[in-house]
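Undergrad: Here it is, the structure in full.
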Amino acid sequence: MLSKLGRGGLRVAEEVRAAVSAGGAVVALESTIFTSGMPRPINVDTALEAERIVRSRGAVPATVGMLAGRLVVGLSQAEIAALGGDDYAIKCSTRDLPTAMARRLNGGTTVSATLVAARLAGVPVFVTGALAEHGQDSMDVSADLVQLGRTPIMTVCAGVKAFLDVGRTLEALETQGVGVATLLLGDDAKQPGKKEEVEFPAFYTPSSGHKSPCTLHSVAECARVLAGVRSLDGPGFLLAVPIAREFSEFSSTVDAAIRDALDEAGRLGIRGRAITPFLLDRIARLTDGASLRANVALVKRNADVGAQIAKAFSELQDAAAATGKK
Ligand SMILES: O=c1[nH]cc([C@@H]2O[C@H](COP(=O)(O)O)[C@@H](O)[C@H]2O)c(=O)[nH]1
């Protein structure tokens with residue numbers, strides 16, 4: 001696998017390489033979220049904190065990014081800090097990988113580009129904030145959705161950003177063969193009748209008006225699903241972890257800010273790769289920073305859940321190997 005990118009194209013940190021080959025718990029993390037999704041210095045603080053949370057669960061973090069044209073799986077803390085402070089770092093989606101390599105650029109990798117890298121390095125779990133989506137009346141279908149269909153990895157996120165069309169996004173994922181589920185943990189899992197009624201979350205809010213195709217109720221169940229994803233070696237799986245209940249007041253008031261930000265983007269003609277960073281920034285201003293606090297909290301929560309799944313998956317593989325030897 002690794003040789004596909006040639007000697008110079010990919011760098012996998014030694015710790016990550018060793019954990020992957022030992023079947024240990026490893027979690028990939030993206031970098032666009034801290035190169036263009038959050039202001040400084042909270043961007044780097046959040047990235048480093050997510051890594052710390054992954055480690056606290058006994059898993060190895062593998063933050064992915066583009067450094068001088070090399071796709072790195074397992075940036076060092078100093079490299080995360082440098083990339084998060086780099087004014088010239090590009091937003092690197094799958095399509096940008098070859099040109100960024102040829103031009104030896106630095107970049108934050110999006111969900112789609114991080115999935116490409118995680119697959120090359122053999123990492124089975126990937127954590128992000130929220131997924132990009134499908135446009136309402138345009139062909140603006142994020143590469144995130146297509147790459148999920150090509151990569152047998154479990155992506156843990158807080159659902160789909162509520163900026164565009166959640167329903168079309170779910171349809172596009174179905175077309176790509178991507179399994180989609182919402183994970184209910186703790187008090188949420190215990191609610192009577194919840195099983196049938198669970199909505200797919202939409203980033204800042206636990207509900208989107210669209211029913212979740214499936215509901216999972218424990219980390220162990222997620223690990224068993226991941227085992228199926230890996231053995232089929234086909235499309236990936238999207239696991240949504242709803243934003244924590246402590247943000248429910250914010251969740252119920254954020255819609256107006258999203259609408260205003262979208263209107264402003266429309267008036268200013270902002271499109272393509274610039275739109276997500278623009279909207280995140282505008283919504284944070286319109287909510288006096290509440291959306292940023294929510295974003296930071298959900299990234300940390302996703303890192304925590306993703307690390308637990310990676311750990312449970314690794315233990316499942318060990319148990320299967322031990323049974324196979326008997
Ligand atoms: O809350 C966030 N969601 C998503 C992103 C990033 O935006 C990318 C999608 O960009 P676009 O909408 O241009 O496809 C995602 O892959 C992810 O890296 C982000 O920074 N912050």
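The values are calculated or read from the model by the stated rules, or taken from the named source; none is laboratory data. Bear in mind that the values here come from a model prediction, so they are computed numbers and not experimental data. Every residue, glycine as well, gets a Cβ built from its backbone with ideal geometry; the counts of neighbours run over all protein chains shown.
Residue-by-condition table, conditions (1) in contact (Cβ under 8 Å) with a residue 24 or more places away in the chain; (2) under 19 Å from residue 200 (Cβ atoms):
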position	(1), (2)
237	yes, yes
249	no, no
270	no, no
299	yes, yes
308	yes, no
319	no, no
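Undergrad: Only one residue in 270, 275, 243, 309 is in a loop (DSSP other than H, G, I, E, B) and under 30 Å from residue 177 (Cβ atoms). Which one?
TA: Being in a loop (DSSP other than H, G, I, E, B) and under 30 Å from residue 177 (Cβ atoms) holds for just one of 270, 275, 243, 309, which is 243.
Undergrad: Select from the range 40-55 the residues that are within 14 Å of the ligand (Cβ to nearest atom) and under 20 Å from residue 153 (Cβ atoms) and list them in ascending order.
TA: Across the range 40-55, the qualifying residues are 47, 50.
Undergrad: Right, here's the next one. Being modelled with pLDDT under 95 and either within 14 Å of the ligand (Cβ to nearest atom) or in contact with a helix residue (DSSP H, G or I) (Cβ under 6 Å, 6 or more places away or on another chain) (or both) is true for just one of 37, 58. Which residue is that?
TA: Being modelled with pLDDT under 95 and either within 14 Å of the ligand (Cβ to nearest atom) or in contact with a helix residue (DSSP H, G or I) (Cβ under 6 Å, 6 or more places away or on another chain) (or both) holds for just one of 37, 58, which is 37.
Undergrad: Another question about this same structure. Looking at (1) hydrophobic (A, V, I, L, M, F, W, C); (2) surrounded by 14 or more Cβ atoms within 10 Å (Cβ to Cβ); (3) touching a Pro at 6+ places or on another chain (Cβ under 8 Å); (4) over 16 Å from residue 160 (Cα atoms), which one does residue 232 not meet, given that it meets all the others?
TA: The failed condition is (2).
Undergrad: Just one of 80, 90 is of a type in the set (Val, Ile, Thr) and away from the ligand (no atom under 13 Å from the Cβ); which is it?
TA: That would be 80, the only listed residue that is of a type in the set (Val, Ile, Thr) and away from the ligand (no atom under 13 Å from the Cβ).
Undergrad: Please work out if residue 86 is acidic (Asp, Glu) and modelled with pLDDT under 95.
TA: No, not satisfied.
Undergrad: Look at residue 65 and say whether it is of a type outside the set (A, V, I, L, M, F, W, C), within 15 Å of the ligand (Cβ to nearest atom), under 23 Å from residue 238 (Cα atoms) and buried (at least 24 other Cβ atoms within 10 Å of the Cβ). Step through it out loud before you land on a result.
TA: Working: of a type outside the set (A, V, I, L, M, F, W, C): yes; within 15 Å of the ligand (Cβ to nearest atom): yes; under 23 Å from residue 238 (Cα atoms): yes; buried (at least 24 other Cβ atoms within 10 Å of the Cβ): yes.
Against the criterion (of a type outside the set (A, V, I, L, M, F, W, C), within 15 Å of the ligand (Cβ to nearest atom), under 23 Å from residue 238 (Cα atoms) and buried (at least 24 other Cβ atoms within 10 Å of the Cβ)), residue 65 qualifies.
Undergrad: Also, quick follow-up: Has the range 238-251 got at least one residue that is more than 19 Å from the chain's Cα centre (by Cα), under 26 Å from residue 185 (Cβ atoms) and surrounded by 20 or more Cβ atoms within 10 Å (Cβ to Cβ)? Working first, answer last.
TA: Within the range 238-251, the first condition is being more than 19 Å from the chain's Cα centre (by Cα), and the residues that meet it are 245-251.
If we keep only those that are under 26 Å from residue 185 (Cβ atoms) too, we end up with 245-251.
Filter once more, so that each one left must be surrounded by 20 or more Cβ atoms within 10 Å (Cβ to Cβ): 247, 251.
Yes: one or more hits.
Undergrad: Oh, and also: Here is a check on your reading of the model: is residue 252 hydroxyl-bearing (Ser, Thr, Tyr), closer than 22 Å to residue 165 by Cβ and in contact with a Pro (Cβ under 9 Å, 6 or more places away or on another chain)?
TA: Against the criterion (hydroxyl-bearing (Ser, Thr, Tyr), closer than 22 Å to residue 165 by Cβ and in contact with a Pro (Cβ under 9 Å, 6 or more places away or on another chain)), residue 252 does not qualify.
Undergrad: More than 20 Å from residue 42 (Cα to Cα), in a helix (DSSP H, G or I), under 19 Å from the mean Cα position of the chain (by Cα) and aliphatic (A, V, I, L, M): is that true of residue 261 in this structure?
TA: In short, no.
Undergrad: Within the group 230, 293, which residue is farther than 20 Å from residue 129 by Cα and either in a strand (DSSP E or B) or more than 14 Å from the chain's Cα centre (by Cα) (or both)?
TA: 230
Undergrad: So which residues in the range 17-31 are under 19 Å from residue 113 (Cα atoms) and among the polar types (S, T, N, Q)?
TA: 31 - this is the single residue of the range 17-31 that is under 19 Å from residue 113 (Cα atoms) and among the polar types (S, T, N, Q).
Undergrad: Within the range 93-117, which residues are within 14 Å of the ligand (Cβ to nearest atom) and of a type in the set (A, V, I, L, M)?
TA: Result: 97, 111, 113, 115, 116, 117.
Undergrad: Are any of the residues in the range 124-133 under 23 Å from residue 55 (Cα atoms) and either over 13 Å from the mean Cα position of the chain (by Cα) or more than 12 Å from the ligand (Cβ to nearest atom) (or both)?
TA: Within the range 124-133, one or more residues are under 23 Å from residue 55 (Cα atoms) and either over 13 Å from the mean Cα position of the chain (by Cα) or more than 12 Å from the ligand (Cβ to nearest atom) (or both).
Undergrad: So residue 237 fits all but one of (1) touching a strand residue (DSSP E or B) at 6+ places or on another chain (Cβ under 8 Å); (2) more than 16 Å from the ligand (Cβ to nearest atom); (3) at pLDDT below 95; (4) not aliphatic (A, V, I, L, M); what number is the exception?
TA: (3)
Undergrad: Something else about it: Are any of the residues in the range 155-170 out of contact with any strand residue (DSSP E or B) (no Cβ under 7 Å at 6 or more places or on another chain), at pLDDT 95 or above and either in a helix (DSSP H, G or I) or not basic (Lys, Arg) (or both)?
TA: No, because not a single residue in the range 155-170 is out of contact with any strand residue (DSSP E or B) (no Cβ under 7 Å at 6 or more places or on another chain), at pLDDT 95 or above and either in a helix (DSSP H, G or I) or not basic (Lys, Arg) (or both).
Undergrad: On to the next question. Looking only at the range 71-87, decide whether some residue is outside any helix (DSSP H, G or I), surrounded by fewer than 24 Cβ atoms within 10 Å (Cβ to Cβ), touching a strand residue (DSSP E or B) at 6+ places or on another chain (Cβ under 9 Å) and without any contact (Cβ under 8 Å) to a residue 40 or more places away in the chain.
TA: No, because not a single residue in the range 71-87 is outside any helix (DSSP H, G or I), surrounded by fewer than 24 Cβ atoms within 10 Å (Cβ to Cβ), touching a strand residue (DSSP E or B) at 6+ places or on another chain (Cβ under 9 Å) and without any contact (Cβ under 8 Å) to a residue 40 or more places away in the chain.
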